[in-house]
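Colleague: I have a structure here, written as structure tokens, and I will follow up with some questions on it.
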Amino acid sequence: MIMANKDILLKLKEFEKNLSDHDDKIRLIFEYLKQLEKTSCPLFPIFTSLFHPTSMGNLIQSLRRIPYWAYLLVFMVIFVNALFLHYRINQPKTGEIEHFRNGYWVITSIEPGSPVSRAEIKIGDTIVSCNSYSLEEWHLFWHGQWAGDTLIFGMLRNNLEVGIPVITVSAISSTFGFFLTAFILIVIFSIGSLYLLYKKLHDKAVKLFFIYFQLLLISYIAIFLPFTVPLSIVATMAFIISGSQLTPSLIHFYLLFPKPSLLYTRIRYLPAIFYGYGIMGAIITSVVYLRYLFFPSEAADSFFIMTIQFSLYSLAATFFIAILISLFQYITMKNTLARNQVLLLFIGSLAAFTPLMILTFFYDWMSGLSYPVSFELLQTIGYLILVICILIAIFRYRIWDVEVFIRKALLYLVATAFIILFYLGMIWLVDQFVFRESELTRFLVLGLSVILFLVLRDRIQLLIDRLFQRETYDSATVVSDFEGKLSGVYRMEELKQKIVLGLNDIFHFKSFVFVLKRTGLIYEPAFVYGENGQGTRSACEIPPEFEEKLRRSKVFSPEELNSKPPLPEMSNTELIVPMVTEDKVNGFFLCGSKRSERSYSLQDIRVLSTLARRVVSLLHTATLYQKDLDRQLMLERERTRISQDMHDDVGASLTRITILSELAKNNPDTVGETRQWLSQISDTSRGVMEEMSQIIWALNPKNDTLEGLIAYIRRFATEYLEPTSIACIFDLPETLPNLPLTVEVRRNIYLVVREALHNVVKHAGATKVKISLTPQPPLLQGKGEKSFTLTIRDNGKGFDPAALEFPGNGIVNMKKRMQEIGGELKIKSTTGKGTEILLVGDYKVI
């Protein structure tokens with residue numbers, strides 16, 4: 001272990017020696033930590049991950065966004081609060097309250113368990129001196145005593161002064177946990193408030209609120225330290241200056257948020273008036289405070305108390321002006337969303353103003369409360385409600401995942417304030433009508449406070465939800481209805497429009513832009529809806545940082561972008577919803593404000609994210625459909641070309657062969673086998689022409705319907721039966737349905753019909769044949785059914801299908817062809833009564 005420590009020291013010395021180049025500091029730290037990682041210390045892997053150059057670079061870049069004055073202000077807040085905590089811990093307390101009566105200082109109250117109580121000093125005892133000083137001199141100024149020092153109280157016993165030692169304790173010994181917790185929270189809140197500047201660096205109102213918040217964390221101390229130690233004086237002066245500028249900065253913030261007030265636009269120097277008034281108050285209070293410390297006298301003490309009371313009244317007055325300004329903003333603003341934001345400011349201001357008013361006008365009553373930090377608790381609750389309301393208003397209570405926490409925090413704060421206020425009010429009533437409350441009385445009052453809150457809890461929660469302007473709905477139903485409206489829509493332009501209209505039916509946007517990625521960093525607004533009209537816009541290139549933010553697939557606000565919005569349509573945008581699948585950006589939504597002026601809730605954010613993913617799937621499906629449609633069109637064009645080429649080229653050649661062979665055969669010089677061969681050539685070419693005609697008919701896309709099939713069968717049957725004595729009758733519906741059929745279905749049905757007619761001519765001995773089509777009823781109504789029955793009936797001699805032991809190839813082939821296209825061949829025949837052949841099936845359509 002000793003050797004390991006020596007190795008570490010040597011490496012650190014080497015590190016210090018080589019650490020000359022400022023730009024290589026992070027790299028060197030990382031390299032040395034990687035070497036130290038090999039030692040036995042288990043924390044080094046954590047350090048190496050924290051000091052990784054990429055992580056450190058991102059952290060430094062983020063920290064550089066925040067101005068230096070903000071860091072200095074945060075440091076001052078922490079430093080001043082640390083000084084106050086230190087001096088309050090060391091401030092002595094004896095635990096008695098005395099009043100001047102009949103020329104003597106008589107003890108009127110003693111805190112249980114206090115140093116005076118332990119020294120067996122009782123209520124009614126008379127104090128003559130303290131540490132050889134008269135009590136008047138002792139109270140005038142600080143004599144260097146600290147917590148833990150022993151004081152000699154001169155008590156009057158039997159008309160004689162008796163010295164009684166009293167060991168002092170810390171002034172906050174009984175509430176140390178409260179003040180330590182408050183200090184920790186102040187440090188966390190002060191540092192955490194830097195996030196405001198990181199998120200909204202260029203917003204002047206947010207900067208003002210940040211300054212106000214830091215001043216609040218200093219003035220929250222609300223105490224003047226009585227010590228003549230330099231650091232104590234510095235801390236108290238910081239408290240005086242912060243308190244004097246607290247309400248002016250709040251008024252300035254109210255004048256600018258959420259947009260400049262009419263008062264501010266007309267009287268630009270109005271904030272300067274309040275700042276100047278605060279500075280004057282700070283100078284006066286500082287002079288009186290210093291005089292009280294270094295030139296103590298009864299007049300200085302009285303004047304100091306008067307100054308404190310005047311400061312409280314002044315603070316209450318300026319705070320009341322801030323409330324009036326927020327009320328004026330609420331009345332004069334027409335935008336509902338802005339009015340909601342100002343309403344939050346008004347509610348928060350009232351919450352923070354109430355404890356201050358109680359302290360100002362009921363100072364003696366608040367000082368006499370049995371609980372030592374009653375005012376501090378009320379003040380903390382009031383200021384927390386104010387800060388939370390302002391934060392909600394600034395961020396417009398959307399997007400941020402902390403909303404649930406804020407709502408719960410508000411409920412708990414309201415619960416605590418309600419219970420404490422009700423408890424204190426009931427205790428006051430008990431004190432008024434009962435001689436002295438007991439522990440049982442306090443317990444009953446506290447229990448009643450809790451029970452009353454539980455009864456009103458749902459009502460309070462409802463009020464908080466209304467504060468957040470929430471609209472509740474079933475997310476699953478919304479998504480399902482959205483998908484139902486778009487089912488079966490595959491044409492890309494129609495789908496884009498219906499996607500936007502479907503989203504608008506849910507959220508009722510004032511404006512909405514549907515943006516799709518074209519290539520690289522080029523994005524194109526596919527559809528624009530709302531205040532700026534409808535249609536599409538020209539494509540533009542977005543910055544790589546913006547696309548990287550989209551790739552994170554989290555909904556964000558345009559205000560989070562470091563650069564100016566890359567699209568002009570972002571000017572009225574409140575939300576940017578990425579469309580990302582498998583780390584690939586497909587586009588995004590630009591959602592403007594709602595027509596209802598309600599803000600977007602977390603439920604809205606989640607539903608929009610879900611719908612964005614569903615839209616990507618719908619677009620992908622539509623793309624595949626479009627590709628398949630393009631392929632079908634290409635095949636149709638190719639089939640048309642092939643059929644035309646065969647008709648023009650091959651058909652013409654076969655016709656020429658037939659004509660030439662007929663001419664050669666009819667030549668008188670042609671005799672014997674030559675005539676026979678020419679006759680075979682002529683017959684073969686006619687057969688090939690007939691087969692080719694069928695192929696051309698099958699290939700031509702114009703014939704890919706039931707109507708085309710029936711027309712071809714009708715023409716073929718008429719031509720085929722014309723040389724015979726068999727009459728052909730057609731029984732067809734007046735209107736044939738527009739049913740598309742595949743090439744395979746059309747060709748096989750035609751060949752089955754041809755074989756059936758061939759059998760009628762060759763074997764039936766019939767004089768009449770009837771061909772009829774019977775579509776299903778839904779087909780006649782145009783509902784797209786695929787089932788129909790084609791019947792071929794003759795009046796020939798018939799046969800017994802069951803008696804056919806070895807059916808011919810014709811019937812076997814007919815059945816096989818019908819099976820291949822999903823149909824069925826039915827033969828109904830009776831000897832002497834003709835034959836009926838039915839082609840039944842649910843055929844394949846295009």
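Colleague: Could you tell me which GluC sites (Glu not before Pro) in region 68-170 are loop residues by DSSP with no more than 12 other beta carbons within 10 angstrom of their beta carbon?
Modeller: In loop regions of region 68-170 (DSSP not H, G, I, E or B), the sparsely surrounded GluC sites (Glu not before Pro) are E120.
Colleague: For Y220, Y330, Y254, give the ranking by accessible area with the largest first, probe 1.4 Å.
Modeller: Y330, Y220, Y254
Colleague: Would you work out what percent of the accessible area of region 85-161, with all protein chains in place, is carbon or sulfur (probe 1.4 Å)?
Modeller: Numbers: 2170 of 4380 Å².
Using a 1.4 Å probe with all protein chains present, region 85-161 comes out at 49 percent carbon and sulfur.
Colleague: Further question: Could you rank K554, K826, K93 by how accessible they are, 1.4 Å probe, largest area first? Please report the intermediate quantities before stating the final value.
Modeller: Details: K554 140, K826 85, K93 40 Å².
Largest accessible area first, the list is K554, K826, K93.
Colleague: Report Y490's accessible area, 1.4 Å probe, all protein chains in place, as a number in Å² to the nearest 10.
Modeller: Spelled out: Y490, probe radius 1.4 Å, area about 90 Å².
Colleague: Using a 1.4 Å probe and counting only protein heavy atoms, arrange D604, D628, D583, D301 so the residue with the most accessible area comes first.
Modeller: If we order D604, D628, D583, D301 from most to least accessible, we get D583, D628, D301, D604.
Colleague: If I compute solvent accessible area with a 1.4 Å probe over the protein chains, what percent of it on region 294-336 is carbon and sulfur?
Modeller: Of all accessible area on region 294-336, carbon and sulfur atoms account for 74 percent.
Colleague: Tell me the accessible surface of I233 in square angstrom (1.4 angstrom probe, heavy atoms of protein chains only), to the nearest ten.
Modeller: Around 30 Å² of this residue is reachable by solvent.
Colleague: Going through region 164-212, which trypsin sites (Lys or Arg not before Pro) have at most 16 other Cβ atoms within 10 Å and a DSSP loop state?
Modeller: none
Colleague: Quick one: pull the percent of accessible area on region 184-280 belonging to carbon and sulfur, 1.4 Å probe, ligands and nucleic acids left out.
Modeller: On the way: 2990 of 3970 Å².
Roughly 75 percent of what the probe reaches on region 184-280 is carbon or sulfur.
Colleague: Please go through region 236-316 and write out the trypsin sites (Lys or Arg not before Pro) that DSSP classes as loop and that have at most 11 other C-beta atoms within 10 Å.
Modeller: R268
Colleague: Among the listed pairs K207/K510; K762/K816; K199/K549; K259/K594; K200/K496; K259/K549, which have their C-alpha atoms separated by more than 23 angstrom in this model?
Modeller: On the way: K207/K510 30 Å; K762/K816 21 Å; K199/K549 14 Å; K259/K594 19 Å; K200/K496 34 Å; K259/K549 28 Å.
Distance filter (> 23 Å) returns K207/K510; K200/K496; K259/K549.
The values are calculated or read from the model by the stated rules, or taken from the named source; none is laboratory data. Computed from a prediction, not measured in an experiment: that's the story for all the values here. Reconstructed Cβ throughout: ideal geometry from the backbone, glycine too, with neighbour counts over all protein chains shown. Heavy atoms of the whole protein, side chains included, go into the accessibility calculation; ligands, DNA and RNA do not. Shrake-Rupley method; radii C 1.70, N 1.55, O 1.52, S 1.80 Å.
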